[in-house]
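Shown next, in structure tokens, is the structure this report addresses.
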């Protein structure tokens with residue numbers, strides 16, 4: 001049970017966070033190669049402002065970012081494990097395109113929150129196929145000031 005989540009945390013040193021969403025989305029479950037950047041997800045989805053709604057909806061529209069919600073903790077964990085099952089096993093480690101893309105998206109989220117500029121939500125690949133076909137998209141993300 002939760003083999004992929006366990007692998008990422010215990011073997012590849014990913015961070016994990018889970019919390020109850022105060023705005024009706026249920027319980028979040030998230031993994032990331034950078035445990036400190038998980039705080040950005042939590043903050044951006046529970047801030048109580050319009051940007052929070054955009055961030056939460058954004059995470060729901062991608063099929064490769066390991067940030068999910070469920071009705072309760074077990075449902076969220078199952079949803080996260082099922083999402084990870086769609087990622088090729090050779091990507092489930094710290095040095096993969098998938099992993100570095102997660103870090104890049106979270107770093108951009110941190111910068112967007114810092115500058116109050118949320119123009120990147122439409123720029124990040126929505127599907128894993130799009131990400132793997134064009135990994136340069138992540139490298140080209142820039143926050144316009």
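The values are calculated or read from the model by the stated rules, or taken from the named source; none is laboratory data. Just so we're clear, the structure is a prediction, and the values are computed from it rather than from any experiment. Using ideal geometry, Cβ is built from the backbone for each residue, glycine included, and neighbour counts are taken over all protein chains shown.
Computed quantities for the displayed model
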read-out	value
Candidates 73, 67, 59 - the one that is free of Cβ contacts under 8 Å to residues at least 24 places away in the same chain and either touching a strand residue (DSSP E or B) at 6+ places or on another chain (Cβ under 7 Å) or closer than 16 Å to residue 38 by Cβ (or both)	59
Identity of the residue in segment 60-81, out of contact with any helix residue (DSSP H, G or I) (no Cβ under 9 Å at 6 or more places or on another chain) and either modelled with pLDDT under 95 or not in a loop (DSSP other than H, G, I, E, B) (or both), that ends up nearest to residue 1 (Cα to Cα)	78
Which numbered condition residue 123 misses (of (1) surrounded by 15 or more Cβ atoms within 10 Å (Cβ to Cβ); (2) over 12 Å from the mean Cα position of the chain (by Cα))	(1)
Count - residues of segment 1-20 that are modelled with pLDDT under 95 and surrounded by fewer than 12 Cβ atoms within 10 Å (Cβ to Cβ)	1
Qualifying position, being at pLDDT 95 or above and either in a helix (DSSP H, G or I) or closer than 24 Å to residue 123 by Cβ (or both), among 37, 84	84
